1. Does residue A:148 satisfy being within 8 Å of chain B (Cβ to nearest Cβ) and closer than 17 Å to residue B:82 by Cα?
2. Just wondering, is there one or more residues in region B:29-37 that are outside any helix (DSSP H, G or I) and open to solvent by 20 Å² or more (accessible area, probe 1.4 Å)?
3. List, please: which pairs have Cβ atoms under 8 Å, are six or more places apart or on different chains, and start with a residue in region A:114-129 that is over 10 Å from residue A:15 (Cβ atoms) and end with one that is open to solvent by 50 Å² or more (accessible area, probe 1.4 Å) and aliphatic (A, V, I, L, M)?
4. With (1) open to solvent by 60 Å² or more (accessible area, probe 1.4 Å); (2) in contact with a Leu (Cβ under 7 Å, 6 or more places away or on another chain); (3) in the same structural domain as residue A:42 (by TED's automatic domain parsing) as the list, and residue A:151 as the residue in question, which single condition is left unmet?
5. Just to be sure, is residue A:132 among the small types (Gly, Ala, Ser), farther than 25 Å from residue A:219 by Cβ, open to solvent by 10 Å² or more (accessible area, probe 1.4 Å) and touching a residue at least 40 places away in the same chain (Cβ under 8 Å)?
6. Could you check region B:71-88 and list, in sequence order, the residues that are in a helix (DSSP H, G or I) and either in contact (Cβ under 8 Å) with a residue 24 or more places away in the chain or over 18 Å from residue A:32 (Cα atoms) (or both)?
7. Is it true that some residue in region A:195-210 is facing another protein chain (nearest Cβ under 9 Å), open to solvent by less than 70 Å² (accessible area, probe 1.4 Å), touching a Phe, Trp or Tyr at 6+ places or on another chain (Cβ under 7 Å) and in a helix (DSSP H, G or I)?
8. Among the listed residues A:197, A:176, A:166, A:219, identify the single one that is free of Cβ contacts under 8 Å to residues at least 12 places away in the same chain and farther than 15 Å from residue B:47 by Cβ.
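The values are calculated or read from the model by the stated rules, or taken from the named source; none is laboratory data. Note that this is a predicted model, so its numbers are computed, not measured. Please note: Cβ atoms are built from the backbone with ideal geometry, for glycine as well, and neighbour counts cover all protein chains shown. Only protein heavy atoms, including side chains, enter the accessible area calculation; ligands, DNA and RNA are left aside. Shrake-Rupley method; radii C 1.70, N 1.55, O 1.52, S 1.80 Å.
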Amino acid sequence: MSLTPVLRRQISLEAISIGLATGAYGISFGAIAASSGFSILQTQVLSLLLFTGASQFAYVGVLGAGGSVLSGLATASLLGVRNGLYGMRIAQLTKPAGWQKLFFAQITIDESTALANKYDQSQDTARWAFLAAGLSVYVFWNIATLTGALLATSVGDPKTFGLDAAIGAGFFALVAPRLNSRLNKLLALAAVLVALALTPLLTAGLPVLATALLAIVLAKRAD
Amino acid sequence: MSWLGVLLVALIAYSTKLAGIIIPNSILERPYVSKLAVLLPVALLSALTAIQVFGSGQSLVIDARFAGLSAGVVAYFLKAPFILIVLVAALTAALLRFFFGVN
């Protein structure tokens with residue numbers, strides 16, 4: 001099925017609404033990063049360059065709680081492994097040529113992959129969906145990040161406005177939709193218990209990282 | 001915070017995305033890799049939730065953050081969007097601190 005003007009319009013509108021909805025929570029990322037000790041510029045650079053929500057939250061979460069750069073890097077990077085698989089799917093669906101791959105890679109995220117999958121009836125429709133969703137989220141996410149960072153730096157103590165409580169709720173909201181099987185639910189419960197049990201024993205950042213081992217062992221068994 | 005860390009974390013994330021696009025599928029297309037890509041976020045995000053709510057340095061505490069999360073969980077099950085879940089949690093913690101002096 002070819003990319004008709006009607007279909008192009010429909011996909012674009014859908015991409016904009018995804019961008020608005022996802023982008024909006026860039027406000028919470030901006031606010032949390034800026035109140036976790038990152039400068040406004042660093043916060044913005046994370047959204048411009050890292051550009052994958054869960055990893056961004058994880059990186060500032062781990063460092064903000066006193067974890068080392070190394071555990072922040074490891075946690076954020078392990079969370080980003082799925083983007084590699086999305087890249088594979090995007091390459092199959094949209095067949096980017098040479099230099100386009102460099103640009104396509106940056107906007108390869110949950111939302112752009114999901115919309116490309118939804119419109120996978122042809123290379124043209126998948127490509128349009130991928131680009132529209134990727135760019136739309138990119139623009140709104142970055143505008144929202146700046147807004148959040150500016151708001152947070154103007155409110156003073158982040159605890160007054162409950163910004164510290166927002167971080168945990170943010171992670172919960174990221175993980176909850178993934179708890180769609182018995183295996184995932186059990187893994188989540190185990191990860192919570194292991195991380196809490198290790199907190200008094202290891203330096204900040206490591207208890208979270210240790211739970212990656214649970215996932216690695218489980219994935220091996222399911223192989 | 002360290003600029004080196006900020007740039008490195010971005011570089012690694014970008015390399016991961018690019019690797020998927022340019023590396024031949026056969027290398028990545030193993031059940032183990034796709035299973036891992038699903039399970040890693042579940043483990044890490046669950047652990048991060050727990051640490052961000054109960055962690056205070058190397059000790060565990062129950063404070064206004066827990067009330068915030070609880071309110072956020074309720075909002076989630078009422079099908080609230082992400083931004084609202086986060087706002088409800090922040091507001092709950094902020095109000096408890098302001099009116100009841102909860103830590």
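1. Working: within 8 Å of chain B (Cβ to nearest Cβ): no; closer than 17 Å to residue B:82 by Cα: yes.
Here the answer is no, as residue A:148 does not meet what is asked.
2. yes
3. As it stands, the answer is A:121/A:1; A:122/A:1; A:125/A:1, since those pairs meet every condition given.
4. (2) is the only condition that residue A:151 fails.
5. Values: among the small types (Gly, Ala, Ser): yes; farther than 25 Å from residue A:219 by Cβ: yes; open to solvent by 10 Å² or more (accessible area, probe 1.4 Å): yes; touching a residue at least 40 places away in the same chain (Cβ under 8 Å): yes.
It is true that residue A:132 is among the small types (Gly, Ala, Ser), farther than 25 Å from residue A:219 by Cβ, open to solvent by 10 Å² or more (accessible area, probe 1.4 Å) and touching a residue at least 40 places away in the same chain (Cβ under 8 Å).
6. Of the residues in region B:71-88, the ones in a helix (DSSP H, G or I) are B:71-77, B:82-88.
The answer is B:71, B:73, B:74, B:75, B:76, B:77.
7. There is at least one residue in region A:195-210 that is facing another protein chain (nearest Cβ under 9 Å), open to solvent by less than 70 Å² (accessible area, probe 1.4 Å), touching a Phe, Trp or Tyr at 6+ places or on another chain (Cβ under 7 Å) and in a helix (DSSP H, G or I).
8. Details: A:197 fails: farther than 15 Å from residue B:47 by Cβ; A:176 fails: farther than 15 Å from residue B:47 by Cβ; A:166 fails: free of Cβ contacts under 8 Å to residues at least 12 places away in the same chain.
The unique qualifying residue is A:219.
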